[in-house]
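Colleague: Structure below; questions to follow.
The values are calculated or read from the model by the stated rules, or taken from the named source; none is laboratory data. Since the structure is predicted, the reported quantities are computational estimates derived from the model, not experimental observations. Here the Cβ positions follow ideal geometry from the backbone for every residue, glycine too, while neighbour counts run over all protein chains shown. Keep in mind that these areas ignore ligands, DNA and RNA; they rest on the heavy atoms of the full protein, side chains included. Shrake-Rupley method; radii C 1.70, N 1.55, O 1.52, S 1.80 Å.
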Amino acid sequence: MQWVGRAELVAAVANAGGLGFITALTQPTPEKLTEEIARARSMTDKPFGVNLTILPAIKPPPYAEYRQAIVEAGIGIVETAGNKPIEHVEEFKKHGIKVIHKCTSVRHGLSAERMGVDAISIDGFECAGHPGEDDVPGLILIPAAADKIKIPMIASGGFGDARGLVAALALGCEGINMGTRFMATREAPIHDNVKKALVESDERSTSLIFRTLRNTSRVYGNSVAKKAIEMEHEGKTIKEIGPIVAGTRGKVVYETGDMEHGIWSAGTVMGLIKDVPTCKELIERIVSEAEQMIRGRLAKAIAA
């Protein structure tokens, strides 16, 4: 949700009864993150969290300063993602902050559990962004994780409707995490062209880039993504491919609606997105339909 997890969307999710997360690194500085948290609080009195993603970089962001901004703002829950977050997890826990860690495999989930996180977001191969390198879809990954992991789990990757919520509960999770689906809402701070693409595309409309570099990322399958894959197979280095897939180019897509300017994350759940509701309409629909499904179709299966 880089460039998307901003105050207006997070507050709308919170007001609708969900748990939204501001993406810390969307903000250019820790000071700007503090301002964004304050902006969200001006729009909602409900709880929300902050995501801090730790990724390898030639010049890494000042993670410790972003972490301190989160602590000082009095945030009660943080989602961590990426490599070796133990330093950050320990510091957050010292301040009584609940930590959810995003994992793409059972072994990473067990490692996060040993690290002391409060819950994990278990991310199947269907997800947008980084699905890991094991290629295990949620239908297998989630119950495999539930067999071994004792702390609460949130199902992530490919979720966007009531059927997914009911399935996630049956597979062993406490709820679902949605990214791509929340991009296609009225409050999402991105251009309408992106939302239109999410509605009009299907489950085949993503591309997996950086497969050969063991840093797989699922993005919308536009011409830039296809060019990146072509360059990979030509043996180009990450330094050579980097300029066309830079995150700042994706930001321009969200701002201007120029769909071929850069890459942007999207999951296979696009195949289930048919409209652009408000966050309130979306969450209420999912909860209502899930209850009907459990009390109706599933209850009848037992009765039969």
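Colleague: Give the residues of segment 50-81 that are free of Cβ contacts under 8 Å to residues at least 40 places away in the same chain, of a type outside the set (A, V, I, L, M) and farther than 15 Å from Pro30 by Cα, sorted by residue number.
Modeller: Correct list: Pro56, Lys59, Gly76, Thr80.
Colleague: Tell me which residues, restricted to segment 247-284, are closer than 21 Å to Gly160 by Cβ, among the acidic types (Asp, Glu) and open to solvent by 80 Å² or more (accessible area, probe 1.4 Å).
Modeller: Glu281, Glu284
For every residue, the table says whether it meets (1) acidic (Asp, Glu); (2) free of Cβ contacts under 8 Å to residues at least 24 places away in the same chain; (3) out of contact with any Leu (no Cβ under 9 Å at 6 or more places or on another chain).
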{"position": "Val166", "(1), (2), (3)": "no, no, no"}
{"position": "Glu174", "(1), (2), (3)": "yes, no, yes"}
{"position": "Gly179", "(1), (2), (3)": "no, no, yes"}
{"position": "Phe182", "(1), (2), (3)": "no, no, no"}
{"position": "Ala188", "(1), (2), (3)": "no, no, no"}
{"position": "Ala197", "(1), (2), (3)": "no, no, yes"}
{"position": "Ile209", "(1), (2), (3)": "no, no, yes"}
{"position": "Val224", "(1), (2), (3)": "no, no, yes"}
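Colleague: With the requirement that a residue be of a type in the set (A, V, I, L, M, F, W, C) and either in a loop (DSSP other than H, G, I, E, B) or under 18 Å from Ile100 (Cα atoms) (or both), what does segment 33-49 give you? Break it down stepwise before answering.
Modeller: Filtering segment 33-49 down to residues of a type in the set (A, V, I, L, M, F, W, C) leaves 33, 37-38, 40, 43, 48.
Within segment 33-49, Met43, Phe48 qualify.
Colleague: Is it the case that Glu65 is over 19 Å from the mean Cα position of the chain (by Cα) and closer than 30 Å to Gly242 by Cβ?
Modeller: Details: over 19 Å from the mean Cα position of the chain (by Cα): yes; closer than 30 Å to Gly242 by Cβ: yes.
Answer is yes for this residue.
Colleague: I need the full set of residues from segment 77-99 which are within 19 Å of the chain's Cα centre (by Cα) and farther than 23 Å from Gly129 by Cα, in order please.
Modeller: Lys98
Colleague: Related question: In segment 55-105, which residue that is in contact with a Pro (Cβ under 6 Å, 6 or more places away or on another chain) and open to solvent by less than 20 Å² (accessible area, probe 1.4 Å) is nearest to Ala145 (Cα to Cα)?
Modeller: Tyr66
Colleague: Hey, any hits in segment 200-219 for a residue that's modelled with pLDDT of 95 or more, farther than 22 Å from Gly124 by Cβ and surrounded by 19 or more Cβ atoms within 10 Å (Cβ to Cβ)?
Modeller: The answer is no, given that none of the residues of segment 200-219 is modelled with pLDDT of 95 or more, farther than 22 Å from Gly124 by Cβ and surrounded by 19 or more Cβ atoms within 10 Å (Cβ to Cβ).
Colleague: Mind checking whether some residue in segment 85-93 is β-branched (Val, Ile, Thr) and touching a Leu at 6+ places or on another chain (Cβ under 6 Å)? Before the answer, list the steps.
Modeller: Of segment 85-93, the ones β-branched (Val, Ile, Thr) are 86, 89.
Now restrict to residues that are touching a Leu at 6+ places or on another chain (Cβ under 6 Å): none.
No, segment 85-93 contains no residue that is β-branched (Val, Ile, Thr) and touching a Leu at 6+ places or on another chain (Cβ under 6 Å).
Colleague: Just to be sure, is Val287 surrounded by 14 or more Cβ atoms within 10 Å (Cβ to Cβ), touching a Lys or Arg at 6+ places or on another chain (Cβ under 6 Å), within 26 Å of Val13 (Cα to Cα) and of a type in the set (A, V, I, L, M, F, W, C)? Working first, answer last.
Modeller: Working: surrounded by 14 or more Cβ atoms within 10 Å (Cβ to Cβ): yes; touching a Lys or Arg at 6+ places or on another chain (Cβ under 6 Å): no; within 26 Å of Val13 (Cα to Cα): yes; of a type in the set (A, V, I, L, M, F, W, C): yes.
For Val287, the condition - surrounded by 14 or more Cβ atoms within 10 Å (Cβ to Cβ), touching a Lys or Arg at 6+ places or on another chain (Cβ under 6 Å), within 26 Å of Val13 (Cα to Cα) and of a type in the set (A, V, I, L, M, F, W, C) - is not met.
Colleague: Which residues, taken from segment 1-51, are of a type in the set (Ser, Thr, Tyr) and within 22 Å of Gly129 (Cβ to Cβ)? Lay out the reasoning, then the answer.
Modeller: Filtering segment 1-51 down to residues of a type in the set (Ser, Thr, Tyr) leaves 23, 26, 29, 34, 42, 44.
Listed by number, the residues that qualify are Thr23, Thr26.
Colleague: Checking the conditions here, which among Val253, Val224 is under 24 Å from Met178 (Cβ atoms) and β-branched (Val, Ile, Thr)? Write out each step before concluding.
Modeller: Values: Val224 fails: under 24 Å from Met178 (Cβ atoms).
When all the criteria are applied, what remains is Val253.
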